[in-house]
1. Once you put a point 7 Å from the Cα of Asp481 and another 7 Å from the Cα of Leu591, both along the Cβ direction, what distance in nm separates them?
2. Just to confirm the filter: which trypsin sites (Lys or Arg not before Pro) across the range 507-594 are DSSP coil and have at most 10 other Cβ within 10 angstrom of their Cβ?
3. Please give, to one decimal in nm, the separation of the simple spin-label points placed at Tyr247 and Gln426, each 7 Å out from Cα toward the Cβ.
4. What does the charge dipole of the range 496-570 about its Cα centre add up to, to the nearest 20 debye, if the Cβ of each Lys and Arg holds +1 and the Cβ of each Asp and Glu holds -1?
5. For Glu96, what residues show an amide H to amide H distance below 5 Å, using hydrogens built from the backbone and excluding near sequence neighbours?
6. Just how large is the dipole of the range 138-289 about the Cα centre, in debye to the nearest 20, putting +1 at every Lys and Arg Cβ and -1 at every Asp and Glu Cβ?
7. Please compute the net charge surrounding Leu598, taking Lys and Arg as +1 and Asp and Glu as -1 over other residues with Cβ under 13 Å from its Cβ.
8. In whole angstrom, note down how far apart the Cα centers of the range 48-117 and the range 136-162 are.
Amino acid sequence: MRCSRASARLAQGNVRYAARVAFITILAFFEIAAAAVSIGSFQKPIGTYGFLLSKDVTFAEIDPASLTARAGIVTGDRLLYETLPLRGRRYAILNEEVPGGAPIAFAIVHGGRPRWVTVRATDLLAIGQTESLTYAIAGLAMGIVGLVLVLLRPSRMTWAFALIAPALVLPFPWLFWAQQSGGGGATLFDVLVALIYAMQPAAIMIFASRFPSDRPTGVARLVDRLALPAGVAIAGLYLYAYLEVRYSHAAPVHLFSLYDLSVVFPGLAALLALISTYVTTRGAARSRLVPVIGSFALLILADVLEQLVGQHTTNNTVSFTLALLFSLSPALIAATVAYGIIRHRVMDISFIISRTLVYTILTLGAVSLFALIEYVFGRVLEHQGVATILNILAAVGLGISFNLLHGHLDDWIDRFLFKQRHLAEQRLGAVARAMPHASTAAAIEAALVDEPVAALGLSSAAVFRHEKGGYRRVRAHAWTDDEAAELDADDALALRLRADLVAMDPSDLRWPRSDLPGGDRQVIYAVPIIVGHHLEAIALYGGHGTGEDLDPDERSTLRKLAAAASAGYDHIAAVELRTRLRDAESENATLRGVERKLTELLAKRLQP
């Protein structure tokens with residue numbers, strides 16, 4: 001039964017991995033193609049009609065230098081919205097850029113009398129070219145960093161980071177095509193664009209609330225919970241807006257304020273989450289987070305300002321400055337995240353680099369082997385049949401030996417490129433081998449706490465041992481006397497561990513305790529220590545003292561320590577049982593001897 005369950009979990013994990021790789025491939029292709037289109041067409045002019053509408057569909061502001069002003073339209077003139085073509089409606093309602101020089105004809109009421117006018121979009125020239133390039137390059141840089149993080153360290157936080165970029169790389173030529181096209185294809189494109197744009201604010205909220213540990217707390221947890229409902233609501237609004245603008249000729253005056261709120265509310269919520277994370281972070285970890293938090297806050301502020309100011313003015317200089325600030329901020333975020341990973345280890349880059357090197361070397365080795373066989377036997381010796389047979393044999397051999405090669409290569413890379421990490425694994429491996437032979441529980445508890453703290457540089461650790469219907473803290477590092485000394489038998493974490501008997505992140509369940517370590521010492525991993533089917537003890541571990549999370553290999557090592565501790569506790573219990581049994585046998589032998597003597601004395605007395 002356990003074997004079948006393990007096989008099912010393995011198969012499910014393989015399916016999830018394959019689906020993740022497929023989705024990442026599609027997203028990467030989309031982002032690269034979109035960026036290539038933007039870069040290839042950056043010289044095509046982008047323009048503006050230079051007017052803003054008020055809620056009563058009158059002209060609220062007109063750029064004096066625009067062709068709209070030259071057409072005789074003045075502030076206060078009323079637009080006959082039903083005469084406005086699709087491109088004009090998308091410009092006026094959805095704030096979309098338009099091609100430079102593109103004409104639109106519509107009717108207005110000027111001086112109480114209706115008349116038709118034709119205006120052309122004023123070319124922005126260098127402004128438009130710079131905006132196209134910065135959106136494409138900065139968005140692609142952010143997208144690449146995000147997709148690499150998802151591929152190597154999938155989590156809600158990294159997925160959210162990766163899903164911010166698609167809205168940034170949408171090329172203007174695609175939008176220009178939708179402005180003059182009808183039919184199902186254009187409608188489907190509008191739906192896709194609406195979903196991509198709606199995905200961005202929700203992703204910003206999720207990333208801002210979960211950075212850097214993927215475990216939101218306090219205000220950030222509230223923002224994280226609101227992100228998906230907000231994303232669904234914004235998606236509904238954007239879908240309605242795009243379809244309303246495309247198919248309806250009635251002025252959607254109610255969209256003006258809602259469209260602003262769809263950007264401002266998520267942005268301010270994400271900014272609040274970042275501020276909360278900064279305030280609650282302690283020690284050296286705060287300084288490491290400042291560049292990423294600062295650059296991400298800049299992205300949010302630029303987005304909000306562009307919506308509140310840039311989209312409500314006809315001043316091209318102001319609009320361009322805010323758009324440039326917003327388009328450059330993703331590149332700054334990508335740079336600060338990459339710098340934080342490499343320089344300050346905001347995420348566990350050693351694990352990522354190690355696994356990347358392993359799979360890269362294995363892949364290159366396999367490709368090189370097949371290429372060598374094909375070249376030597378297929379071309380040089382011209383024995384195509386021999387080359388085919390050898391390719392088949394090589395494929396079979398690689399398939400059989402892949403796990404062995406993977407293990408040896410993984411060990412070699414850790415040994416020579418990540419020596420400190422390798423030494424820590426070796427040290428804890430030796431501790432795990434010795435623990436089943438411990439003669440006292442204190443020795444086991446010291447090994448569970450002191451050794452991981454020393455080898456991995458953990459910020460905190462504690463062991464709670466089962467006693468009198470609960471669990472008492474028997475060993476700890478960096479826990480104060482005021483913090484939890486006991487866990488009730490019905491404590492939420494104890495109940496979950498007793499039921500599932502598997503290690504877990506305490507943030508995955510509701511654990512309402514105010515007497516636990518906080519800040520850098522926060523408990524991020526709870527490991528059950530099981531003897532038989534009984535939860536004998538609970539080991540609680542914090543992250544690294546540098547603020548870095550535990551990587552999968554380190555979590556596996558802690559689970560192995562717990563398994564060794566289980567064997568150690570079982571060994572001590574068996575020794576105690578044997579000792580009691582010997583004592584009982586000795587007492588029994590003594591009692592039998594006394595019984596014989598008493599029997600003999602009684603027999604002598606009873607003799608006549």
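Only the coordinates and a few stated rules stand behind these numbers; no lab work does. This one's a predicted model, so the numbers in the text were calculated from it and none came from an experiment. Because the Cβ atoms are built from the backbone with ideal geometry, glycine has one as well, and the counts that use them run over all protein chains shown.
1. Taking the simple label geometry, Asp481 and Leu591 are separated by 4.6 nm.
2. Counting only loop positions with at most 10 other Cβ atoms within 10 Å, the trypsin sites (Lys or Arg not before Pro) in the range 507-594 are Arg510.
3. So the two model labels end up 6.9 nm from each other.
4. Using only the charged Cβ atoms, the result is roughly 300 debye.
5. So Glu96 has HN proximity to Tyr91.
6. Roughly 760 debye for the range 138-289.
7. In short, +3.
8. 40 Å
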